[in-house]
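Asks: Submitted below is the structure of interest, expressed as C-alpha cells.
The values are calculated or read from the model by the stated rules, or taken from the named source; none is laboratory data. None of the values given here were measured: they were computed from a predicted structure. Heads up, the Cβs are rebuilt from the backbone with ideal geometry, glycines too, and the neighbour counts pull from every protein chain shown.
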Amino acid sequence: MKRRNFIKAISAASVAATITPHTVSNGIKTQQRNLFKPRRLSKGETIALVTPGSYITEKEKGQSINSIRKLGLNVTYSDRLMQKHGYFSATDKERAADLNEMFEREDVQGIMCARGGYGSARILPYLDYNLISNNPKPFIGFSDATAVHYALYKNSNLITFHGPVSISTFSRFSTKNFEDVLVNPTFETQMLNSNNENNYNPYGITTIAEGIAEGELVGGNLSIVTSLIGTEYDIDFSGKIIFLEEFLEEPYRVDRMLTQMQQAGKFENALGIALGVFKLCESPKKNPSFSGSFNLMEVLIDRLGNLEIPVVYGLSFGHVADKLTLPFGVKAELNSELQQLKLLEQAVI
C-alpha cells in the first residue's frame, strides 16, 4: 500500500522543527557547465564490469554476468576483476587502470561497478580524465561509487548514473527504470516510486519541507559525500538538487554528517534535497544507552527542515531492492508537495 506522509511539526520534546513552504525555480544564477552526455545503450552491446573499491567473490561474479545478460547486454571484464588486495580488488593504480582501459576500449559501450564497499576515492588521482572525457560512456554504480561520480563530473564533465551495481537485485522496477533512463529515454522522465514494502522504509514517502525546485541533480551516498568535503573532488551545490542515501548508519551518525555538511556551507545555495531510503539507519533497540534517542526522521527534520528549500524523504533509491537510476548532472525538478522527482532532459544521446 502506498503511504504518503506529510510531517507538519514534531513536538518540542523531541526535535522542534516545522515545515516551511518554499518554492524555488532557477532562483540562483550559476555558470552553466558543458557536460558530455554518453550515447544510449542498445541491446546486444557490451557492459564492462569494474571493481573500483572492494572485491567480489566467484559467486558474485556469476550473479553479475547473469544479471547483465538478462538486460540484453553482453559482459566483459579485465583479468584483475577477481584479484584480492586486502579489502580491495587490486591496488589503487590497478583499479584505476581498469577503469581507464574500459573507457578507452572501442568494444565497450558502458561500464558498471560490480559492487560498492570501500576504496573508490583512493583511485581518483590515477584516473585519466582527458581520456574519459574523449570517450564518454555510461558509468553506472552507487554507494562507494559516489566518489567516481564526483570525479568524472568535476574533471571529465561527464554525466554518469547513480544506479544498480551488478550484484544488485534487478527487480522489474529497477530494470524498467534503468531502461527508461539508459536505453529508451524520453525528453522528460517521471521517476516513479516503488510500492515495495520490502524496501526497508517505515516512514513511507515523507515531505519534510514544501516546495518545487529545478536544478542540476547531484549527490550520492551521504558518507562518501561528506568524506569528499575539503578535497579537490568536492562539488559546489549552488543551484543544484542534492540527492542522498545511506545504509547502516545510526541516527547520531547521520546527524553528525548532515551537521558537517551544514557547517561547511553545503546547503546554503542548494535548491532542494531528494532523500532516498536510509536503510537500517535507526538506533539498535537492544542497546539501552540509546533509550529515548532521536529517531532517523527526527534527525532529518531537525537538520533539513528549516533550510527553506524543498526536502522529501523515501524516494526509491539507495540500498533497496527497487532502485531508480539517477543521472548525475542532468536538470531535474523536485516537487516535494507531490513527492516526485522528474528528469527534465534526456541523460543520453
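Asks: Among the candidates Glu210, Glu245, Glu250, Glu232, which residue alone is assigned by TED's automatic domain parsing to the domain that holds Pro310, among the acidic types (Asp, Glu) and buried (at least 19 other Cβ atoms within 10 Å of the Cβ)? Please lay out each step first, then the result.
Replies: Numbers: Glu210 fails: buried (at least 19 other Cβ atoms within 10 Å of the Cβ); Glu250 fails: buried (at least 19 other Cβ atoms within 10 Å of the Cβ); Glu232 fails: buried (at least 19 other Cβ atoms within 10 Å of the Cβ).
Testing whether each residue is assigned by TED's automatic domain parsing to the domain that holds Pro310, among the acidic types (Asp, Glu) and buried (at least 19 other Cβ atoms within 10 Å of the Cβ) leaves just Glu245.
Asks: Here's another thing I want to ask about it. Here's a check for you: in the range 292-323, which residue that is of a type in the set (Val, Ile, Thr) and touching a Gly at 6+ places or on another chain (Cβ under 8 Å) is surrounded by the most Cβ atoms within 10 Å (Cβ to Cβ)? So that I can check it myself, show each step before the final result.
Replies: Initial filter on the range 292-323 (of a type in the set (Val, Ile, Thr)): 299, 301, 309, 311-312, 320.
Keeping just the survivors that are touching a Gly at 6+ places or on another chain (Cβ under 8 Å) gives 309, 311, 320.
Numbers: Ile309: 26, Val311: 31, Val320: 24.
Per the criteria, the residue is Val311.
Asks: Of all residues in the range 189-225 being charged (D, E, K, R) and not in a loop (DSSP other than H, G, I, E, B), which is farthest from Lys266 (Cα to Cα)? Give the derivation first.
Replies: Let us first name the residues in the range 189-225 that are charged (D, E, K, R), namely 197, 210, 214, 216.
Checking the rest, the ones that are also not in a loop (DSSP other than H, G, I, E, B) come to 214, 216.
On the way: Glu214: 17, Glu216: 15 Å.
Residue satisfying both the conditions and the ranking: Glu214.
Asks: Ok, one more. Ser293 passes all but one of (1) modelled with pLDDT of 95 or more; (2) over 26 Å from Arg40 (Cβ atoms); which number fails?
Replies: With (1) modelled with pLDDT of 95 or more; (2) over 26 Å from Arg40 (Cβ atoms) applied to Ser293, the lone miss is (1).
Asks: Restricting to the range 86-100, what's the tally of residues that are without any contact (Cβ under 8 Å) to a residue 24 or more places away in the chain and either buried (at least 18 other Cβ atoms within 10 Å of the Cβ) or within 19 Å of Leu127 (Cβ to Cβ) (or both)? Write out each step before concluding.
Replies: Applying the first criterion (without any contact (Cβ under 8 Å) to a residue 24 or more places away in the chain) to the range 86-100 yields 86, 91, 94.
Now restrict to residues that are either buried (at least 18 other Cβ atoms within 10 Å of the Cβ) or within 19 Å of Leu127 (Cβ to Cβ) (or both): 91, 94.
The number of residues fulfilling the criteria is 2.
Asks: Here is a check on your reading of the model: is Ala48 assigned to a helix (DSSP H, G or I) and crowded, with 20+ Cβ neighbours inside 10 Å?
Replies: Working: assigned to a helix (DSSP H, G or I): no; crowded, with 20+ Cβ neighbours inside 10 Å: yes.
Judged against the criteria, Ala48 is not a match.
Asks: Given the criterion surrounded by 20 or more Cβ atoms within 10 Å (Cβ to Cβ), within 22 Å of Leu324 (Cα to Cα) and at pLDDT below 95, identify the matching residue among Asn198, Asn193, Asn221.
Replies: On the way: Asn198 fails: surrounded by 20 or more Cβ atoms within 10 Å (Cβ to Cβ); Asn221 fails: at pLDDT below 95.
Within the list Asn198, Asn193, Asn221, the selection yields Asn193.
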